[in-house]
Amino acid sequence: MKTLSAIHRLDLQLLARIFSQGERRMVRPLARAFSRSGDGYLHLLIPVLLWQLESPLLASFVTVLGLALAAERCLYWCLKNSLKRRRPQEAVPGFRSLVVAADQFSFPSGHSSAAFLLATTLVLIYGGPVVIMFLWACGVALSRVLLGVHFPGDTVAGGLMGTSIALSCAALAGVL
């Protein structure tokens, strides 16, 4: 119990520090843009783009992405609705998030999980600019804290979950 209390206190401290950065004039629109980029549209648009480009690796990418998204969404939903961690706005007195969250609970961050899942899948199948993909995923995760809809621990857990699921599904599909 002491460990959980210590983690929660650290989460609250990090939330306060990170969220205060969102009050800067230039940070808020950037955080909103990164957050929107993690809404899931890229999970549909990227396969369509790869199909249009006649990518020879499209079948492997779609197989891994489809398996991983199905597993990730199931696990995400089960964890979120069984753990029922309240979002910062409901858990921290006087705290007001900058956007309205799409669902009720906070842990784990679905945006972070899905972003890291997509980044990991792209890197596993196509290689290439690893740093850029993971910087985007980190930007999505950070944006959720800057906008006040997640604690930092929610986004870390989501990122680890998305990455782990993508790696597992790639291994199951024989891509690794």
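The values are calculated or read from the model by the stated rules, or taken from the named source; none is laboratory data. Everything numeric here is computed off the predicted structure, so don't read it as measured data. Please note: Cβ atoms are built from the backbone with ideal geometry, for glycine as well, and neighbour counts cover all protein chains shown. Just so you know, the surface numbers come from the protein's heavy atoms only, side chains and all, with ligands and any DNA or RNA stripped out. Shrake-Rupley method; radii C 1.70, N 1.55, O 1.52, S 1.80 Å.
Work out, in µm²/s and without decimals, the Stokes-Einstein translational diffusion coefficient of the stretch 107-166 at 4 °C, 1.567 mPa s, Rh from Kirkwood over C-alpha pairs. Kindly include the intermediate steps, with their values, before the conclusion.
Numbers: Rh = 11.0 Å.
Estimated via Stokes-Einstein, D reaches 118 µm²/s.
Rounded to whole Å and sorted largest first, what semi-axes of the equivalent ellipsoid does the C-alpha gyration tensor of the stretch 50-110 yield via the square root of 5 times each eigenvalue? Spell out each step's value before the answer.
Details: eigenvalues 247, 45, 7 Å².
Square roots of five times the eigenvalues give 35, 15, 6 Å.
What's the magnitude of the charge dipole for the stretch 75-143 around its Cα centre, counting Lys and Arg as +1 and Asp and Glu as -1 at the beta-carbon? Answer in Debye, nearest 20.
Values: 6 positive and 2 negative charges, 52 e Å.
The dipole of the stretch 75-143 has a size of about 260 debye.
Give, in whole angstrom and from largest to smallest, the semi-axes √(5λ) of the equivalent ellipsoid of the stretch 25-176, with λ running over the eigenvalues of the Cα gyration tensor. Show your work: numbers first, answer last.
Numbers: eigenvalues 160, 60, 26 Å².
After diagonalising the Cα gyration tensor, the semi-axes are 28, 17, 12 Å.
Please check: in the Gaussian network model of the chain (C-alpha springs, under 10 Å), which one of Arg86, Arg25, Arg144 has the largest mean-square fluctuation.
Arg25
For Leu122, tell me the accessible area in Å² from a 1.4 Å probe, rounded to the nearest 10.
Number for this one is 20 Å².
Of the accessible area of the chain, with the probe set at 1.4 angstrom, what percent is carbon plus sulfur? Numbers along the way, then the final one.
Details: 6710 of 9860 Å².
Roughly 68 percent of what the probe reaches on the chain is carbon or sulfur.
Under unit Cβ charges (Lys, Arg +1; Asp, Glu -1), what dipole magnitude, rounded to 20 debye, does the stretch 14-173 have relative to its Cα centre?
Values: 14 positive and 7 negative charges, 138 e Å.
Dipole of the stretch 14-173, to the nearest 20 debye: 660 debye.
If one takes the longest principal axis of the Cα atoms in the chain, at what angle in degrees, from 0 to 90 and to the nearest 10, does the Cα axis of helix 110-126 lie?
Result, in degrees: 30.
Place +1 on the Cβ of every Lys and Arg and -1 on the Cβ of every Asp and Glu in the chain, take the dipole about the Cα centre, and give the residue among Ala6, Gly162, Ser37 whose Cα lies farthest towards its positive end.
Ranked along the dipole, the leading option is Ala6.
Got a sec? Charge dipole of the stretch 50-149, +1 on Cβ for Lys and Arg, -1 for Asp and Glu; which of Leu98, Ala114, Val130 is way out at the positive end?
Result: Leu98.
Using a ≥ b ≥ c from the Cα gyration tensor of the stretch 74-142 (square roots of the eigenvalues), is it rounded, prolate or oblate, where a/c under 1.5 gives rounded and otherwise the larger of a/b and b/c decides, a/b for prolate? Don't skip to the answer; put the middle values down first.
Values: a/c = 3.99, a/b = 1.87, b/c = 2.14.
Oblate.
By how many degrees, between 0 and 90 and to the nearest 10, does the Cα long axis of helix 130-146 differ from the longest principal axis of the chain?
30 degrees
Assign unit charges at the C-beta atoms only (+1 for Lys and Arg, -1 for Asp and Glu), then state the dipole size of the stretch 1-77 relative to its Cα centre in Debye, rounded to the nearest 20. Please list the in-between numbers first.
Working: 9 positive and 5 negative charges, 111 e Å.
Charge dipole, the stretch 1-77, about its Cα centre: 540 debye, nearest 20.
Using only Cα atoms and rounding to the nearest 10 degrees, what angle (0 to 90) does helix 41-52 make with the longest principal axis of the chain?
20 degrees
How would you classify the stretch 1-80 from its alpha-carbon gyration tensor, with a ≥ b ≥ c the square roots of the eigenvalues: rounded for a/c under 1.5, else prolate if a/b is greater than b/c, otherwise oblate?
On the way: a/c = 3.95, a/b = 1.61, b/c = 2.46.
Oblate is the answer for the stretch 1-80, as a/c is 1.5 or above yet b/c matches or exceeds a/b.
Using a 1.4 angstrom probe, figure out how much accessible area the stretch 1-141 has per residue, in square angstrom, rounded to the nearest whole. It would help to have the intermediate numbers written out before the result.
Numbers: 8670 Å² over 141 residues.
With the other protein chains kept in place, the stretch 1-141 gives 62 Å² per residue.
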